[in-house]
Amino acid sequence: MPLGIALYATRTREKPGARPLVATGLCTAAAAVVQGGRFVEPLVGAGLWLDVTLHIALLIGINLAVVGTFYVAVEYTGRRWLADRWIVILVAAMGTALPIARILAETAGSAAFPLIANADFVYRLLFALAGLSLFARQFVGSRGVYRKQSAALLVGLVIGSGFGLLERYYTVQFVEFTLLGMVIGLGVLAWALFRYEFLETVPIARETLFDEVTDPVVALDRDGSVVDLNRAADEAFAVDASILGRHSSDLFSVDGALAEQYDDVLGTAGIAGVVTDGARHFDRDHPVVAALVDGSSEGDTGDDQLASEDAELGVLQDGEVRYYQVSASALAFAPGYEGELLVFRDVTASVEREQDLDILKQVLTRVLRHNLRNDVTAIHGFAQSIADNAEDGAGEKAERIVRLTEKLTATSETARRIEDVIEADGPAEFDLRAEVESAVADARREHPAATVKWEVPEGLAVLANPEFPAALVEVIENAVVHSNESPRVEVAGERSGRWVDVTVADDGPGIPDYELETIAAGEETALVHGSGAGLWLIQTAVEDSNGDVSFDSGDGGTTVRIRLPAAGD
């Protein structure tokens, strides 16, 4: 029987626990053969040294079988560091040296024999107890089929250890109780092999799943079977320990009755992809569910979808929808044994916040900005009328109101353009010469006193955010408006490798330091606050074009340098 177990284990030697199980079976079988030889040896009268040799071989076989059982527990429970090659070699060497020293000391009548014999016994006892503790801990922390596996392994090792203790205090000639207990224990293990597929469904250590983690976690083996899952997954997907050891298709199951009942919230255009209400239904039309099903079966078609940041899954439970960001990663359960870890990170709070921000954005965009534009336009009209007809200082004050309303309207319009930049789908290809020519024409028409020169070669095209022309107009407009009474502005464009450089230089007083600090910090704060949104529009449009912008400002003027990807590269 021990030899049969060893031969069976070689068929699944890539599984955790298989290799030490082979060693245990072979050592137990060898020890049994040696013990048989010890029965025969007195009949043939081969002599003392054969008896000594057989006794040493028997004890070495028993020691190494006990160590092998311990390493079955080590690999089964995923304690990988204990399986380091040098540790195994050292342990095996001790298991070999102790029996040799013990029998030789006994044969020679050495006074050291009791000490060595005790050391040999303690060696076996420690490894037996260590294996028992590992299996016991696995039993306590396991559920379903894994608890039954652990129980069978625990019983087998208890039987072997019990017979070993019996031999310590009670001996019968030609009866090796330790060996007998090991054979019986291996019989229990053989039953576990076939009854609970011991080498086919191996659990990972419970610590790797952290049952205290609030996010659902599911572990699958390479064949797509459910290896383990934590309590959060139990609750989220309405399952229990009976799902362990079964194929993932039983977890990601379909329930027609639930699908019909909750049809209004299912599907790619609906809210949720999963419904749990006593039973569970995973909607196969939902892209994340489809990726889970495909990725956990024979193929790997789901990997790309689960690697995406858009792998978001809604689960409807007790009338409440919770949202999960789903990710899949390779997982090494034990040496030479890999599977997949599915983590469902709860992002309900961030999704709900996004929804709230979207509502706020709609209010700001559709209501506040619309009302602001209308009200400011009305104020502008009234102020202009007062300025045209007022006398003394009232006209001057009215003119100031007009200028402020124009500035406020321009800021609101720039903010709308920034929003367009952020939401734009791009990039788009632009003829830089045509865009510069159009922007310069607008500046000259609005500011006749300004001198605006430009030089851009023909055929120079860039790839940029679809709202880049608005940013270019803003750059040139700023150069003209924030300069002296007769501003001079020069615009140039040239190719530089796979980039296109655009330069806008003016002779104005320069951009205030606090404005540049705002752009460098990347945020508006109470202490560093920009007076306008124009620089933000430029910065956002260029960076969203995979380009770069810099501002060189001083008393002699400002030079804005924009670098954009050249079209075609």
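May I ask for the net charge around PHE430, where only other residues with Cβ less than 13 Å from the Cβ of PHE430 are counted and Lys, Arg are +1 while Asp, Glu are -1? Please report the intermediate quantities before stating the final value.
Values: positive: ARG433; negative: GLU429, ASP431, GLU435, GLU437, GLU467.
Once all neighbours under 13 Å are counted, the net charge is -4.
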Inset, instruction - For a footprinting-style exposure proxy, rank GLU340, GLU106 by other Cβ within 10 Å, fewest first. - result: GLU106, GLU340
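Based on the alpha-carbon gyration tensor of segment 441-514, what equivalent-ellipsoid semi-axes (square roots of 5 times the eigenvalues) come out, in whole Å, largest first? Let's see the in-between values first.
Working: eigenvalues 107, 39, 31 Å².
So the three semi-axes of segment 441-514 are 23, 14, 12 Å.
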Inset, instruction - Enumerate the residues in segment 230-270 having an amide nitrogen under 19 Å from the point lying 7 Å beyond the Cα of SER329 toward its Cβ. - result: 230-233
Legend entry - Local electrostatic count at GLN317 - Lys and Arg +1, Asp and Glu -1, tallied over other residues with Cβ under 11 Å: -2
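For a protection proxy built on the mean count of beta-carbon atoms within 10 angstrom, sort 464-473, 494-503 highest first, please.
Top to bottom by mean Cβ count within 10 Å: 464-473, 494-503.
Each reported figure results from applying straightforward, stated rules to the coordinates on display, with no laboratory input. Computed from a predicted model, the values in this text were never measured in an experiment. Methodologically, a virtual Cβ is constructed for each residue, glycine included, from the backbone with ideal geometry; neighbour enumeration extends over all protein chains shown.
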